[in-house]
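Undergrad: First the structure, which I've put down as structure tokens, then a few questions once you've had a look.
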Amino acid sequence: MRVAIASGKGGTGKTTVSANLAVAWSRLEEKVTYADCDVEEPNGHLFLKPSIEKTEQIGALVPEVNFDLCDGCGKCGEICNFSAIVVLAGKPLTFPELCHSCGGCSLVCEPKAIKEIPRNIGIVETGSAGDLNFVSGKLRIGEAMSPPLIREVKRAIPANEHAVIDAPPGTSCPVVEVVKDSDYVLLVTEPTPFGLNDLKLAVEMVRKLNLRYSVLLNRAGSGDDRVHDYCRKEDIDLIAEIPDDRKIAESYSRGELLVDALPQYELLFKRLVDSIKMRFKPIQEETIR
Amino acid sequence: MKIIITATGTNLESEVDPRFGRAQYFLLVDTETEEILPIDNDQNLQAASGAGIQSAEAIVKNEAEVLLTGHCGPKAFRALTSAGVKIVHGVEGSVKTAIDKFKKGEYQFASSADVASHW
Amino acid sequence: MLQNSKMKEIVIISGKGGTGKTSIVASLAALAHNAVVADCDVDAADLHLIMKPKILHHEDFRAGYKAKIDPEICTSCGICYDLCRFDAVKKLDPAIEANNCEYEIDKIACEGCGVCSFFCPEKAIEMETPICGELFSSDTHFGPMAHARLGIAEENSGKLVTLVRNEAKKLAEETGIDYLFIDGSPGVGCPVIASLTGADLVLAVTEPTVAGRHDLKRIAELTRHFSIPMVVCINKCDLNQEISNEIENEALADGVKVIGKIRYDSAFTKAQIAGISVVEYSNNGVAEDIKQLWNQLEEKIEAL
């Protein structure tokens with residue numbers, strides 16, 4: 001099963017939860033992959049300290065025009081909705097950074113003057129951290145298109161393994177790209193006005209995508225009861241709480257895993273694995289029936 | 001010669017619009033007769049992205065040889081120069097003043113974009 | 001359009017989330033007395049919870065395209081299904097569906113490229129421009145504010161960011177206000193680039209953690225890429241003194257100055273719960289830290 005860890009806002013402890021959940025799960029004698037899909041700011045490696053076995057350059061397809069074949073008809077410019085190719089004075093001009101790789105220009109080109117070539121948008125690293133399989137994507141600086149890179153990170157997850165997927169913060173397109181085909185989503189939040197406001201957005205997103213989810217409250221006790229009240233009112237399952245503890249913040253600051261630095265939390269995360277499985281199981285049975 | 005000036009209105013007294021891609025109007029001016037044909041840029045003003053490139057397309061379609069504007073980003077600059085359009089940026093004041101200054105040869109054509117890329 | 005040449009645009013960004021960026025922006029707005037604020041963190045907009053804007057004007061934000069198949073015209077030839085690179089054309093079970101159309105567009109997956117519509121032999125697919133969010137221009141007790149709400153699962157946040165910035169600039173010009181503070185989004189991708197381009201100064205808010213340090217480097221690379229001067233503020237600086245010092249040294253080596261250090265203090269959370277800025281909530285050390293930051297920042301802005 002694939003569990004995505006998401007949160008409406010950043011800094012709620014999404015990476016902490018993902019990394020520790022993945023490690024705790026792998027210590028239950030199961031094959032697990034940790035996949036960092038927060039490709040703009042991938043931080044999982046700071047805590048898991050994996051050994052990287054393979055680094056792959058990821059390219060998004062963009063048009064290349066062969067001017068010997070081009071007859072200047074202008075159809076490529078007409079079909080492109082992103083201004084990534086325009087025909088000026090009978091000559092096509094490309095803006096690869098605006099290209100969404102739809103392939104329209106090359107399809108529409110009758111003299112077959114347009115070839116699609118890969119443009120580097122980032123890298124995917126694969127390796128391992130102990131028994132844990134590790135995959136991470138990293139967007140090139142100055143690059144705006146993250147969804148194609150996210151797709152490649154997901155593709156690098158072994159098919160028959162459990163996976164914990166660290167999603168980017170927010171609720172916009174890259175997040176949807178990460179969570180949409182996961183089996184279960186954990187929404188991480190904190191008991192503050194910002195935390196609740198952003199949790200509501202995240203809940204709206206998973207509901208819209210029709211995904212199974214529950215909420216994990218981090219830094220419980222640091223704010224007030226508004227997240228509890230909201231979950232009760234909306235009948236949302238609050239799956240676990242991680243207390244507000246300066247020791248956690250300090251161990252996080254050093255890049256340590258909670259399951260190692262503060263062993264009492266290993267149990268919390270192992271229980272969390274069980275809780276997720278319990279919630280996931282009934283649906284599997286339902287589907288079979 | 002046909003030139004295009006970005007403007008906030010449609011006549012000689014209008015101010016030069018400092019924006020290129022998202023200018024209110026493009027004024028197609030015949031420098032000999034000072035005849036003005038205003039082109040409403042409403043569509044690009046609202047455009048989500050690629051406004052500069054689409055505006056460049058409009059300039060080229062109208063067969064202008066020179067563009068007078070406030071600022072021009074790198075994508076639009078590349079599009080315009082590749083089609084042989086010369087660009088003057090940093091143009092201010094009224095359209096009339098801009099035309100006069102251009103005719104007196106007081107402007108220099110730009111060799112690169114003057115603002116960073118917009119998304 | 002009038003140009004306020006004195007106007008200075010300062011973007012506050014943080015790389016990773018949770019560094020206290022939004023709380024700091026609200027405090028800076030309170031201290032500056034003379035600033036327009038733009039919440040460009042449209043994905044997780046929280047600034048309004050502190051600034052409590054009175055909305056004066058709002059409009060729908062439409063962007064991009066989404067395909068729509070007309071089942072009355074569609075002959076289920078499947079060309080769109082074959083051509084779509086985004087898996088946005090879904091095959092329906094003809095046994096279940098009432099009509100004879102076998103395909104449907106998944107609006108969330110649709111990239112809006114229009115290839116399906118272009119190649120549809122029956123002209124059964126139309127491209128529509130959807131409403132993706134709302135844009136607001138408001139008044140607050142600190143001054144004017146531009147903000148937005150992005151629809152759930154919507155893309156184009158980079159474009160909405162540009163609209164919010166332009167709205168804020170308009171407000172600054174109308175009111176003759178010299179400072180424009182932009183609360184930028186996290187990360188280094190499209191929305192961040194949209195909030196950065198053309199800014200006069202970047203204030204990067206970080207925290208002394210391995211992740212904060214790592215992300216600050218990515219942010220520094222980004223601002224260098226766009227040639228925008230940057231200064232740094234370390235929030236929760238006493239959480240890990242060692243990393244705090246390392247961040248400062250590394251920044252200095254890159255020619256970037258740390259102009260503010262704010263102690264780890266529960267006042268950040270408490271002020272948020274009270275719905276006010278930290279400098280209004282507290283008078284003690286942490287408020288002093290933020291005032292120091294503002295003094296340094298103001299000097300830096302004046303020197304631009």
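Undergrad: Through the Karplus equation 6.51 cos²θ - 1.76 cosθ + 1.60, θ set to phi - 60°, convert the phi angles of the range A:131-148 into ³J(HN,Hα) values in whole Hz; use x for Gly and Pro.
TA: Using θ = phi - 60°, the values come out as 7, 8, 7, 10, 9, 8, x, 9, 6, 5, 5, x, 8, 9, 9, 8, x, x Hz.
Undergrad: Take the Cβ-Cβ distance between C:ARG263 and C:GLU104 as r, set R0 to 60 Å, and report the resulting FRET efficiency rounded to the nearest 0.05.
TA: 0.60
Undergrad: If you count only protein heavy atoms with a 1.4 Å probe, what accessible area per residue comes out for the protein assembly as shown, rounded to a whole Å²?
TA: Details: 29020 Å² over 712 residues.
For the protein assembly as shown, the solvent-accessible area averages 41 Å² per residue.
Undergrad: While we're on this one: Using alpha-carbon positions, what is the distance between the centroids of the range C:112-145 and the range C:201-239, in Å?
TA: 33
Undergrad: Run the numbers on the range C:66-128 and let me know its relative contact order in percent, using alpha-carbon pairs under 8 Å that are six or more apart.
TA: On the way: 110 pairs, mean separation 31.1, N = 63.
Once normalised by length, the contact order is 49 percent.
Undergrad: How far apart, in nm, are two points set 7 Å out from the Cα along the Cα-to-Cβ line at A:GLN57 and at B:ASP40?
TA: So the label points at A:GLN57 and B:ASP40 sit 4.8 nm apart.
Undergrad: Excluding residues on the same chain fewer than 8 positions from A:LYS138, give the aspartates and glutamates whose Cα lies under 16 Å from its Cα.
TA: A:LYS138 reaches A:ASP36, A:ASP38, A:GLU40, A:GLU41, A:GLU53, A:GLU56, A:GLU125, A:GLU152, A:ASP166, A:GLU177, C:ASP215, C:GLU221.
Undergrad: Quick one: compute the contact order of chain A, relative version, from alpha carbon pairs under 8 angstrom and 6+ residues apart, as a percent. Working shown, then result.
TA: On the way: 593 pairs, mean separation 76.6, N = 289.
RCO, chain A: 27 percent.
Undergrad: Something else about it: Magnitude of the Cβ-charge dipole of the range C:14-115, K/R +1 and D/E -1, about the Cα centre, nearest 20 debye? It would help to have the intermediate numbers written out before the result.
TA: Working: 11 positive and 16 negative charges, 127 e Å.
Dipole magnitude for the range C:14-115 comes out near 600 debye.
Undergrad: Could you give the distance between the Cα centres of the range A:111-165 and the range C:267-292, to the whole Å?
TA: Each part's Cα centre sits 41 Å from the other's.
Undergrad: Per residue of the protein assembly as shown, what 222 nm ellipticity follows from adding -39500 (n - 2.57) for every DSSP H run with n ≥ 4, rounded to the nearest 500? Could you put the intermediate results ahead of the total?
TA: On the way: 26 runs with 250 residues, N = 712.
Value at 222 nm, helices only, nearest 500: -10000 deg cm²/dmol.
Undergrad: Isolated Cys in chain A by the 4.7 Å beta carbon test?
TA: By the Cβ distance rule, which asks for a partner under 4.7 Å, the isolated cysteines are A:CYS37, A:CYS70, A:CYS73, A:CYS80, A:CYS99, A:CYS109, A:CYS173, A:CYS231.
Undergrad: What is the local net charge at C:GLY78, summed over the other residues whose Cβ is closer than 11 Å to its Cβ (Lys, Arg +1; Asp, Glu -1)?
TA: Working: positive: C:LYS91; negative: C:ASP82, C:GLU102.
Neighbour charge sum, excluding C:GLY78 itself: -1.
Undergrad: Counting other Cβ atoms within 10 Å of each Cβ, which trypsin sites (Lys or Arg not before Pro) in the range C:6-103 have at most 13 and sit in a DSSP loop?
TA: Values: sites: C:LYS6, C:LYS8, C:LYS16, C:LYS21, C:LYS54, C:ARG62, C:LYS66, C:LYS68, C:ARG85, C:LYS90, C:LYS91; in loops: C:LYS6, C:LYS16, C:ARG85.
Counting only loop positions with at most 13 other Cβ atoms within 10 Å, the trypsin sites (Lys or Arg not before Pro) in the range C:6-103 are C:LYS6.
Undergrad: Could you give the C-alpha radius of gyration of the range B:2-103 expressed as a fraction of 2.2 N^0.38 Å, taking N as the number of residues it contains?
TA: Details: Rg = 11.9 Å, N = 102, 2.2 N^0.38 = 12.8 Å.
Output field value: 0.93.
Undergrad: Quick one: net charge of A:ASN160's neighbours, Cβ under 14 Å, K/R +1, D/E -1?
TA: On the way: positive: A:ARG2, A:LYS31; negative: A:GLU30, A:GLU161, A:ASP183.
For residues surrounding A:ASN160, the net value is -1.
Undergrad: Which distance in nm do the two modelled labels at A:ARG232 and C:LEU92 give, with both placed 7 Å along the Cα-to-Cβ direction?
TA: 4.3
Undergrad: Related question: Expressed as a whole number of Å, what is the distance separating the alpha-carbon centroids of the range A:173-204 and the range B:6-66?
TA: 44
Undergrad: Could you give each residue of the range A:76-92 its phi-based ³J(HN,Hα) in whole Hz, using Karplus coefficients 6.51, -1.76, 1.60 with θ = phi - 60°, and x for Gly or Pro?
TA: 4, x, 5, 6, 6, 8, 10, 6, 7, 9, 10, 10, 10, 6, x, 10, x
Undergrad: Distance cut-off 30 Å, Cα to Cα: go down the list A:LYS115/C:LYS16; A:LYS277/C:LYS21; A:LYS75/B:LYS104; A:LYS112/A:LYS154; A:LYS112/B:LYS75 and report the pairs above it. The partial results should precede the final answer.
TA: Numbers: A:LYS115/C:LYS16 38 Å; A:LYS277/C:LYS21 36 Å; A:LYS75/B:LYS104 41 Å; A:LYS112/A:LYS154 33 Å; A:LYS112/B:LYS75 26 Å.
Correct reply: A:LYS115/C:LYS16; A:LYS277/C:LYS21; A:LYS75/B:LYS104; A:LYS112/A:LYS154.
Undergrad: Ok, one more. At what distance in nm do the modelled label points of A:ARG155 and A:LYS91 sit from each other, each positioned 7 Å from its Cα along Cα→Cβ?
TA: Distance between the two pseudo-spin positions: 3.5 nm.
Undergrad: Using the Kirkwood radius over C-alpha pairs as Rh, can you work out the diffusion coefficient of chain A via Stokes-Einstein at 4 °C, viscosity 1.567 mPa s, in µm² per second? Before the final figure, lay out each step's value.
TA: Numbers: Rh = 20.6 Å.
My calculation gives 63 µm²/s for D.
Undergrad: Please report, in debye to the nearest 20, how large the charge dipole of the range A:110-244 is about its Cα centre when each Lys and Arg carries +1 at its beta carbon and each Asp and Glu carries -1 there. Can you show the working numbers first?
TA: Values: 17 positive and 22 negative charges, 130 e Å.
Charge dipole, the range A:110-244, about its Cα centre: 620 debye, nearest 20.
Undergrad: For the range B:2-103, calculate the relative contact order in percent as a whole number, restricting contacts to Cα pairs under 8 Å that are 6 or more residues apart.
TA: 32
Undergrad: Can you check how the C-alpha radius of gyration of the range A:67-112 compares to 2.2 N^0.38 Å, as a plain ratio? Please report the intermediate quantities before stating the final value.
TA: Values: Rg = 9.7 Å, N = 46, 2.2 N^0.38 = 9.4 Å.
In units of the globular-protein estimate, the range A:67-112 measures up at 1.02.
Undergrad: Next up: Return the carbon/sulfur percentage of the accessible area of the protein assembly as shown, one whole number, probe 1.4 Å, all protein chains in place. Kindly include the intermediate steps, with their values, before the conclusion.
TA: Working: 13810 of 29020 Å².
Summing carbon and sulfur atoms, their accessible area is 48 percent of the total for the protein assembly as shown.
Undergrad: Give me the net charge of B:ALA113's neighbourhood, meaning all other residues with Cβ under 12 Å from the Cβ of B:ALA113; Lys, Arg count +1, Asp, Glu -1. Write out the running numbers ahead of the final one.
TA: Working: positive: B:LYS75, B:ARG78; negative: B:ASP114.
Here the charged neighbours net out to +1.
Undergrad: Follow-up. Round to the nearest 10 and give me the degree value, 0 to 90, for the angle of helix B:51-61's Cα axis relative to the longest principal axis of chain B.
TA: 50
Undergrad: When the scattering of the protein assembly as shown is computed by the Debye formula from its Cα atoms alone, each counted once and equally, what is log10 I(q)/I(0) at q = 0.05 Å⁻¹?
TA: Debye output, listed in q order: -0.25.
Undergrad: So which GluC sites (Glu not before Pro) in the range C:37-109 end up in coil per DSSP with only 11 or fewer other C-beta atoms within 10 Å? Walk me through the numbers on the way to the answer.
TA: Values: sites: C:GLU59, C:GLU72, C:GLU97, C:GLU102, C:GLU104; in loops: C:GLU72, C:GLU97, C:GLU102.
Here the sparse-neighbourhood loop sites are C:GLU72.
Undergrad: To the nearest 100 Å², how much accessible surface do chains C and A cover up together, summed over both, with a 1.4 Å probe? List each step's numbers first, then the result.
TA: On the way: alone 14970 and 14600 Å², together 24640 Å².
Answer for the C-A pair: about 4900 Å² buried.
The values are calculated or read from the model by the stated rules, or taken from the named source; none is laboratory data. Please read all numbers here as calculations on a predicted model, not as lab measurements. Note that we place each Cβ from the backbone using ideal geometry, even for glycine, and neighbour counts take in every protein chain shown. What goes into the accessible areas is simple: the full protein's heavy atoms, side chains included, and nothing from ligands, DNA or RNA. Shrake-Rupley method; radii C 1.70, N 1.55, O 1.52, S 1.80 Å.
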